[in-house]
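The values are calculated or read from the model by the stated rules, or taken from the named source; none is laboratory data. Being a predicted model, the structure only gives us computed values, none of them experimental. We place every Cβ from the backbone using ideal geometry, glycine too, and count neighbours over all the protein chains shown.
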Amino acid sequence: MTSRILLLITPLVFSARYASVGAMSQEPHSVLCGRVVAVSCTGPSSAATLLFTLPSRSLQWWIVIPPEHRQPFGLRIEDRYEQRSVCVPPATATETGQRVLVRHPDQIIITGVQASIPLPDDIARTCDPDVRLPILTRDVKPQYTADAMRARVRGSVVLLGIVDRNGSVRDVRVVQSLEPSLDAAAREAFAQWEFQPATRRGDPVAIAVTFKWHLQHAENPTAG
């Protein structure tokens, strides 16, 4: 079994490989409906990306809002879409592969809201245009559990945590579960990560970041 780690805020390459979001092919013009697990940006002039999970966990897509079209979506795109059940209309479901491009809020139809714990107003988000994102300085790989390896568990754990003003990670919670022991391993690892803190107009600020750990089968199990 191999693992791939993705921090959904920055293009830095870690010792583990980035996760490629695997998606099974969809018929052209089909409506995609599912849940937005996480929303992230890599800067004020970057695209906003929504990690979008279809009912089957093997089906995951990125919904991409180009930077030139972000303004109509508002400043806190995360609060608008995270943990929402949404449908992407047929006109936007024609992208090749696992990325769907949207250019206007009307193209993302919210159909429901999942239970979630709201973040305090003083916690910055990665799509805040005044925020400079934290920089990863130390990462810890999650450890496989024996039970999960024997069961050949595959899929993704997605976590949300707060990178504090001192660069440490706190208040880690699971936003997409995979298996209890693997959820716990991912939480323990993410809590040990260290960052150069995010800043807002030059001042350190706490910020919410998302961590995705993807597991897939391999003939020779490794953590890589």
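For Gln107, which of the numbered conditions (1) without any contact (Cβ under 8 Å) to a residue 24 or more places away in the chain; (2) surrounded by 15 or more Cβ atoms within 10 Å (Cβ to Cβ); (3) over 14 Å from Tyr81 (Cα atoms) fails to hold?
(3)
Considering only region 115-136, how many residues are out of contact with any strand residue (DSSP E or B) (no Cβ under 6 Å at 6 or more places or on another chain) and surrounded by 11 or more Cβ atoms within 10 Å (Cβ to Cβ)?
Matching residues across region 115-136 total 3.
I'm checking my understanding of the structure. Among residues of region 142-175 that are of a type in the set (Asp, Glu) and closer than 24 Å to Leu119 by Cβ, which one is surrounded by the most Cβ atoms within 10 Å (Cβ to Cβ)?
Checked region 142-175; the qualifying residue surrounded by the most Cβ atoms within 10 Å (Cβ to Cβ) is Asp164.
Considering only residues that are out of contact with any His (no Cβ under 8 Å at 6 or more places or on another chain) and closer than 13 Å to Phe211 by Cα, which ones fall in region 127-156?
Start the filter on region 127-156 by keeping residues that are out of contact with any His (no Cβ under 8 Å at 6 or more places or on another chain), which leaves 127-151, 153.
Result: Leu136, Asp139, Val140, Lys141, Pro142.
Looking at Ala208, Ala189, Ala184, can you tell me which residue is under 17 Å from the mean Cα position of the chain (by Cα), at pLDDT 85 or above and assigned to a helix (DSSP H, G or I)?
Ala189
Do you know which of the residues in region 131-158 that are part of a strand (DSSP E or B) and without any contact (Cβ under 8 Å) to a residue 60 or more places away in the chain is farthest from Ala186 (Cα to Cα)?
Among residues in region 131-158 that are part of a strand (DSSP E or B) and without any contact (Cβ under 8 Å) to a residue 60 or more places away in the chain, the one farthest from Ala186 (Cα to Cα) is Thr137.
Take Asp139 and tell me if it is modelled with pLDDT of 85 or more, buried (at least 18 other Cβ atoms within 10 Å of the Cβ) and either over 14 Å from Leu50 (Cα atoms) or of a type in the set (Gly, Ala, Ser) (or both).
Yes.
Given the criteria of a type outside the set (Gly, Ala, Ser), crowded, with 20+ Cβ neighbours inside 10 Å and touching a residue at least 12 places away in the same chain (Cβ under 8 Å), does Leu178 qualify?
yes
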